[in-house]
1. Which percent of the accessible heavy-atom area of the chain goes to carbon and sulfur, probe 1.4 angstrom?
2. What nm value, rounded to one decimal, do you get for the distance between Ala103 and Trp191 when each label is placed 7 Å out toward the C-beta?
3. Normalised radius of gyration for region 150-198, please: alpha carbon Rg relative to 2.2 N^0.38 Å, two decimal places.
4. Any idea of the accessible area per residue across the chain, 1.4 Å probe, to the nearest Å²?
5. Take the alpha-carbon positions of region 1-143, form their convex hull, and give its projected area averaged over all directions (one quarter of the hull surface) in nm².
6. Each residue of region 87-103 in turn: what ³J(HN,Hα) in whole Hz from Karplus with 6.51, -1.76, 1.60 and θ = phi - 60°, glycine and Pro shown as x?
7. Please check: in the Gaussian network model of the chain (C-alpha springs, under 10 Å), which one of Asp100, Asp134, Asp21 has the largest mean-square fluctuation.
8. For a quick check, take a GNM of the chain with Cα springs below 10 Å and name the residue from Lys91, Lys170, Lys127 with the largest mean-square fluctuation.
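The values are calculated or read from the model by the stated rules, or taken from the named source; none is laboratory data. Computed from a predicted structure; not experimentally measured. Heads up, the Cβs are rebuilt from the backbone with ideal geometry, glycines too, and the neighbour counts pull from every protein chain shown. These area figures cover heavy atoms from the full protein model, side chains too; ligands, DNA and RNA do not enter into them. Shrake-Rupley method; radii C 1.70, N 1.55, O 1.52, S 1.80 Å.
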Amino acid sequence: SQIAQEEGRFTVAEVIREIHDKMIRRHPHVFGEARARNSAEVLRNWEQIKAEERRTSKEHGKDSHGEPASLLDGVSRALPATLEGLQLTRKASRIGFDWDDSAGVIAKMQEERAELETALQGGGQQKIEEEMGDLLFAAVNLARFLDVDPEIALKKANAKFARRFRAMEKRARESGREFKNLSREQMEALWEATKDAEGKPFVRELAKGQARQ
């Protein structure tokens, strides 16, 4: 703000005033006459107010690309795909465009999986990519519904796969073999052995706890 003031653009007082005005404008149920029955309604009103702000700040309600303002404005396309999908579905849910429960999202995933299987029967690469994207989007939506960050969940799944893969390579070397030279069946056997080995410490601790009881 100091740099901007020196350049004659704005002052810190103007910044504070704008934040103050925005806070009041976006919380009519607190500072105005509006009433909100629950937090979902508060969020729905919040998104509608922000959309109206964007409309009034753009000439004739158009953005730089000539597109009408949308409730989804503000979700950066520079985000990783999972986080972009999370933000898009979250914004849509705040105005009531959402499933009633997780069962509906799971059913949608099953529907998308069936469509992907159909595409694999001869839909062409572009159609396969489209259906694969729909399935991934549905999975991200399910993560949001379950209050799981899909980016973090996928990162953890990636780390688990890498950990198990390296453990398989180690097991192969210890037996005097190169993992890359094993048959598919031998690789699968090592995978299962590695998974079992990961679970054994938990089983042992559980058994100890039961014994103490």
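1. Reported share for carbon and sulfur atoms: 54 percent.
2. Going by the 7 Å Cα→Cβ label model, 3.3 nm.
3. 1.24
4. With the other protein chains kept in place, the chain gives 73 Å² per residue.
5. 12.7
6. Values, residue by residue: 5, 4, 5, 5, 5, 5, 5, 5, 9, x, 8, 7, 7, 6, 7, 5, 4 Hz.
7. Sorting by GNM fluctuation, first place goes to Asp21.
8. Lys170
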